[in-house]
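The values are calculated or read from the model by the stated rules, or taken from the named source; none is laboratory data. Given the structure is predicted, the values throughout are model-derived calculations rather than measurements. Backbone-built Cβ (ideal geometry, glycine too); neighbour counts: all protein chains shown.
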Amino acid sequence: DYAPELMHKEALHFIEENAHQPFFLYYASTIPHVPLQAPQKWVDYYTNKLGPEEPYTGRGYFPNRTPRATYAAMISTLDEQVGDLVAKLMELGIYENTLIIFTSDNGPTYAGGADTPYFESAKPFKTEYGWGKGFVHEGGIRVPMIASWPKYIEKASESGHISAFYDFMPTFRDVAGSQLDMRTDGIS
């Protein structure tokens, strides 16, 4: 079994089971991530699209004959899964009043066969080694975030507000209308 597919099915089930009441779903997909593994339909698609490539021999992770195709396949799988979640929210009539936050805990990696420079994965940040996961430069620990909440956030709007993950809990508390006292460095 492919763990991201199992997690995806559980998330869809959770949404269906809780659609009639306010809920919080933390869906931390494991893709894209090393080791490079993805559904074969997407690997085949990108192998045909990208053509021949140098295999990844392993060096601490699983070997992979088509590392670029597999990495791209992981992204397409995640895109498909996020689309399914949004479609489920729409089907249940709760999309407009659902806050969706899409972000990452770090920038792209250079390990395990991931070819960050090839995909320009760190854009708009630098793509060379030393500017991704595990480094404190732009693209390492500073990552983009997308928030969608059609009832309250204007589509295609941007914010220059600087925040960190420790701001999420106080923000969620305020969004939920909770009076819970929190001791945190975060702000709403």
Exactly one condition in (1) in contact with a Ser or Thr (Cβ under 8 Å, 6 or more places away or on another chain); (2) at pLDDT below 95 is not met by Gly112; state its number.
(1)
Taking the condition at pLDDT 95 or above and closer than 29 Å to Ala147 by Cα, does Leu6 pass?
yes
Filtered residue count, the range 38-56, keeping only those that are crowded, with 19+ Cβ neighbours inside 10 Å and part of a loop (DSSP other than H, G, I, E, B)
1
Scan the range 15-39 for residues that are more than 15 Å from Val82 (Cβ to Cβ) and touching a residue at least 40 places away in the same chain (Cβ under 8 Å) and report the count.
8
Cβ pairs under 7 Å, 6+ apart, first in the range 124-146 and more than 14 Å from Ala164 (Cα to Cα) and at pLDDT below 75, second of a type in the set (Val, Ile, Thr) and surrounded by 13 or more Cβ atoms within 10 Å (Cβ to Cβ):
Thr127/Thr116
Given the criteria loosely packed, with under 12 Cβ neighbours inside 10 Å, assigned to a loop (DSSP other than H, G, I, E, B) and either at pLDDT below 95 or under 16 Å from the mean Cα position of the chain (by Cα) (or both), does Gly60 qualify?
yes
Can you confirm whether Gly93 is under 29 Å from His13 (Cβ atoms), over 18 Å from the mean Cα position of the chain (by Cα) and small (Gly, Ala, Ser)?
yes
Which ones in the range 22-45 are among the hydroxyl-bearing types (Ser, Thr, Tyr) and over 25 Å from Asn106 (Cα atoms)?
Tyr45
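Counting only residues that are without any contact (Cβ under 8 Å) to a residue 60 or more places away in the chain and either under 19 Å from Ile146 (Cβ atoms) or β-branched (Val, Ile, Thr) (or both), how many does the range 170-187 have?
Total satisfying the criteria: 3.
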